[in-house]
Amino acid sequence: MREEYALSSLRVKFIRGEEVKYISHLDMMKVFERAIRRSKLPIAYSQGFNPHPAMVFGLPLSVGVTSESEYADFEFTCDIDPQEFSQKLNQNLPEGIRISLSNKKQTKVNIMASIVVADYEILVATAEKQEHGHIKSVLDSIMEKPEILIEKESKRGRKEVDIRPMIFELKTKFSKELGSDNNFESENGFQYIENPFLTNYINKHLDVPGFSSYNVENVFSISLKISAGSKSNLKPDLLISAFNLLSDLQLKLVKVHRTGLYIEKEMRILDPLSNEALS
Amino acid sequence: MKFIINDEVLLGVEKPSRYVGGEWNSVKKDIEKVKIRYAFCFPDVYEVGMSHLGMKILYHLLNSREDTYCERVFVPWVDMEAKMREQNIPLFALETQSQVKDFDFLGFTLQYEMCYTNIINALDLARIPLLSNERTKDHPFVCAGGPCAYNAEPLADFIDFFVLGEGEEVIQEILDVFLIWKEEDGTRDQFLSRIAQIEGVYVPAFYDVEYNQDGTVNKVVPKDEAFPKKIRKRIINDLDNTFFPDKIVVPFSDIVHDRIMLELFRGCTRGCRFCQAGFIYRPVRERTPQKLVELAKKLEENTGYEEISLTSLSTSDYTGLKELTDDLINEMEPRKVNLSLPSLRVDSFSLDLMQKAQKVRKGGLTFAPEAGTQRLRDVINKGVTEEDLIISVSTAFNGGWSGVKLYFMIGLPTETNEDVEGIADLGDKVVATYKAVPKENRGKGLSVTISTSSFVPKPFTPFQWAPQDTMQMLREKQKLLKVKIKNKSISYNWHDSELSFLEAIFARGDRRLGKVLVKAWQKGCKFDGWGEHFNYKVWMEAFEECDVDPHFYANRERTIDEVFPWDHIDIGVTKNHLIKEYQKAVRGELTSNCRTSCTGCGAGVFEGGVCVE
């Protein structure tokens, strides 16, 4: 086999929608590999016995999680136009995966190594109907603690970690109508949700009667900015179990959607597609 | 009915992506705009069913019709089934997640006998009455095809009609009749009567079975003169000009055979007497290398797969193999596509090919002598000598290979302890061959694996009269072989004889087994082909409770004049030919390959392939 050298590289941002949220991280890479083969884009391959396409993905998503903000780096054997790349690849990707942006990348540092922060918007439900004020004050009081210790399972076994420094922002949003005389059924009560991905999910799923084990009226949203990446990583499900340990809210995680990922470069937090990040 | 398979269900099961569809090349259609909805069910899990070439062909063929939407259905794994039953979710199709009950057809492919309980379970999950005669116009027509359909009598109560042989043409004829019938708003029986007159269609309810006092079949007769006395299978004579998909569904998750499959030919010229496929798929018909290369290129472009495998019953017998592999390697190497070559006869040509085509580690090569002595290999008409095998392994060892797997069957007709011990001797000779190869040529660390399966006599083979060894006999032979294998470089493993016993019962079963199937399923049997779910004890309880003797089916030697439950099915090859072959087998006489000389087996009636070349 001919040896190949990477001559140019691109960083792309892509969407992982409802249609493909059950695919594992490994299978997702396979999907991209085959889409690239179909599109006949000049991807570079690793050398050796079993050549692999030169691509690196950002932070793996858990099965069931959607995202509008995934990133991957690709290397090519010749110069390639980012727009052409997006267009050709999008024609060959299954429904639910879409390249939204792409740009040339000069830096040798790959996306996986540099991610530090992630944004999420999640939907949670309380087991019982609760006053919004109460939920908010319980969560606020937890956030005011100097440390939030929780057992985390790692490859080396269980260990106690303080997740408080991993939480940078936490905002709750509730339906205005809840608890008032307004008829919940007339409108779906989720007008406070602005993210189109979550709205889409709600329209498709939460409207179906008897859909789930939780009461749809008890659902509210939390926006999060938390640590992510190889050095320090917090997942929304772990955060929710911490809240459940420290309160009697009995929160149930309904839906997790990632809205942003950020890298660190020279002590600054950057959008992975910004000029500073790519140079 | 509106239902949604929600996140809570899917996040609680293994490999959820296999239940949601949406894969590349899966077909999307508007269900309001089609006239026929066809649910194609492989009665096993997604990973197994998606690896099956026949399903790929028929799925894309049916969807090439504008008036038809074919969707895929697989049996949920036990964790998913539990959730479906708990949450009242019926069996659904992957493409639109519609319930199977809403379709016009539910078609099963029968690849092995041990899937029968899964079919019962699938019908139950789909909320379709198990018994054919309890279905109404609200239910789909339930049909089945595939190799087990040639004797699917055990399923006669549950399946509305069987399709015998290759489906590409006959399925279209059936759908065309369906369109007219639907327009006329006829009864179910009217539809079935009409298609019963299409060659290759077998409606079991239209045939009566009469039994003798000793439990054997007296005769099978059509209830009406309009139905054929014998139902002949269908074949496709011109493979180059018949439909073969140029795109196939690319799954999201790993499946058993995750690659492009190129079908070189159908049938086999060898006539091994134990092999059902060798008889039911006759005559041999090939695709041309040009056509195959053209298909390979399109499939590679449309799927992005990185591997192509050549499939057939005996790839070394393909007449255009050298031309095909040369062209494929030329086309595919620049695209970094591997060629995988299963079931090749090992000689210098194939070893050279393997080195060129695959970047395989020189690990294991597989040989299937099937029997331990020349006498027994002649009985089964294997046509391989010890010398052939030793030359092959010697070539392989000299080429740097150091691992070989040797496959055998135990319990073959006329087998003696000497034949069993011959397996161990052959193993020793392979080890000696390795030692005779200069150290600088051979790979390090010899490993010889001997595997034995238990022989299952199958209908439509020369051994359809033969008894299966009892489990006791099979176990003693396994024990004997274990003691005889002394060399440390040889490891021995064997298949469980309980499963082979059950296979033998159903392979040559009749309609009276239907109630045993339902009983076993009611007692929890399903996924019988999966070791962890197979429950022999429960199966035996089911036989006892139904007052059916399993040994009557598995271990009984049939007389030559016995009427078989499948005698009204015509595969081309005549019963007379099979009788002659059985008698030659017992005498240890060989029968020639179709390409050497015609033996007049009867497959010539199809006027195709090797019979007219």
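The values are calculated or read from the model by the stated rules, or taken from the named source; none is laboratory data. As the structure is a prediction and not an experimental result, all values here were calculated from the model. Here Cβ is always computed from backbone atoms with ideal geometry, including for glycine, and neighbour counts include all displayed protein chains.
Just to be sure, is A:Phe220 buried (at least 16 other Cβ atoms within 10 Å of the Cβ), touching a Ser or Thr at 6+ places or on another chain (Cβ under 8 Å), part of a strand (DSSP E or B) and not small (Gly, Ala, Ser)? So A:Phe220 passes the test.
Exactly one residue among B:Lys526, B:Lys519 is part of a helix (DSSP H, G or I) and at pLDDT 95 or above, and that residue is B:Lys519. Scanning segment A:242-277 for residues that are closer than 13 Å to A:Ile122 by Cβ and outside any strand (DSSP E or B) turns up A:Phe243, A:Leu251.
Yes or no, residue by residue, for (1) surrounded by fewer than 17 Cβ atoms within 10 Å (Cβ to Cβ); (2) without any contact (Cβ under 8 Å) to a residue 40 or more places away in the chain; (3) aliphatic (A, V, I, L, M):
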position	(1), (2), (3)
B:Arg285	no, no, no
B:Glu300	no, no, no
B:Asp326	yes, yes, no
B:Asp347	yes, no, no
B:Thr373	no, no, no
B:Leu376	no, no, yes
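Every condition in (1) closer than 18 Å to B:Glu498 by Cα; (2) surrounded by fewer than 20 Cβ atoms within 10 Å (Cβ to Cβ); (3) touching a helix residue (DSSP H, G or I) at 6+ places or on another chain (Cβ under 6 Å) is met by B:Ile485 except one, and the failing one is (1). Selection of strands (runs of 3 or more DSSP E) fully inside segment B:98-211 by the criterion of at least 2 residues being closer than 30 Å to B:Lys28 by Cβ and touching a strand residue (DSSP E or B) at 6+ places or on another chain (Cβ under 6 Å) returns B:105-109, B:141-145, B:161-163. Listed conditions (1) without any contact (Cβ under 8 Å) to a residue 12 or more places away in the chain; (2) crowded, with 16+ Cβ neighbours inside 10 Å are all met by B:Thr385, apart from (2).
For (1) buried (at least 20 other Cβ atoms within 10 Å of the Cβ); (2) at the interface with chain B (Cβ under 10 Å from one of its Cβ atoms), each residue gets a yes or a no:
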residue	(1), (2)
A:Ala6	no, no
A:Tyr22	yes, yes
A:Ile36	yes, yes
A:Gly58	yes, no
A:Ser67	yes, no
A:Ile80	yes, no
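Of all residues assigned to segment B:487-496, none qualifies as being within 21 Å of the chain's Cα centre (by Cα), in a helix (DSSP H, G or I) and not aliphatic (A, V, I, L, M). Of everything in segment B:11-32 that is free of Cβ contacts under 8 Å to residues at least 40 places away in the same chain and either of a type in the set (Asp, Glu) or assigned by TED's automatic domain parsing to the domain that holds B:Asn121 (or both), the residue that is surrounded by the fewest Cβ atoms within 10 Å (Cβ to Cβ) is B:Glu32. Considering A:Gly179, A:Gly210, the condition of being modelled with pLDDT under 90, closer than 30 Å to B:Asn88 by Cβ and in a loop (DSSP other than H, G, I, E, B) is satisfied by A:Gly210 alone. For residues in segment B:297-319 being away from every other protein chain (no Cβ under 14 Å) and touching a strand residue (DSSP E or B) at 6+ places or on another chain (Cβ under 7 Å), which is farthest from B:Val249 (Cα to Cα)? Among them, the one singled out is B:Thr319.
When segment B:22-41 is limited to residues that are more than 18 Å from B:Leu53 (Cα to Cα) and within 9 Å of chain A (Cβ to nearest Cβ), the one that is nearest to the chain's Cα centre (by Cα) turns out to be B:Gly22. Determine, yes or no, whether B:Phe543 is under 26 Å from B:Glu210 (Cβ atoms) and either outside any helix (DSSP H, G or I) or not polar (S, T, N, Q) (or both). In short, yes. Would you check if B:Glu333 is of a type in the set (Asp, Glu), within 14 Å of chain A (Cβ to nearest Cβ) and in contact with a strand residue (DSSP E or B) (Cβ under 8 Å, 6 or more places away or on another chain)? No: the conditions fail for B:Glu333.
Taking the criterion of being at pLDDT 95 or above and either within 14 Å of another protein chain (Cβ to nearest Cβ) or out of contact with any Asp or Glu (no Cβ under 9 Å at 6 or more places or on another chain) (or both), the residues of segment A:105-120 that qualify are A:Ala118, A:Tyr120. One residue stands out in segment B:231-271 among those that are surrounded by 20 or more Cβ atoms within 10 Å (Cβ to Cβ), over 19 Å from B:Ser316 (Cβ atoms) and of a type in the set (Phe, Trp, Tyr): the one that is farthest from the other protein chains (Cβ to nearest Cβ), namely B:Phe244.
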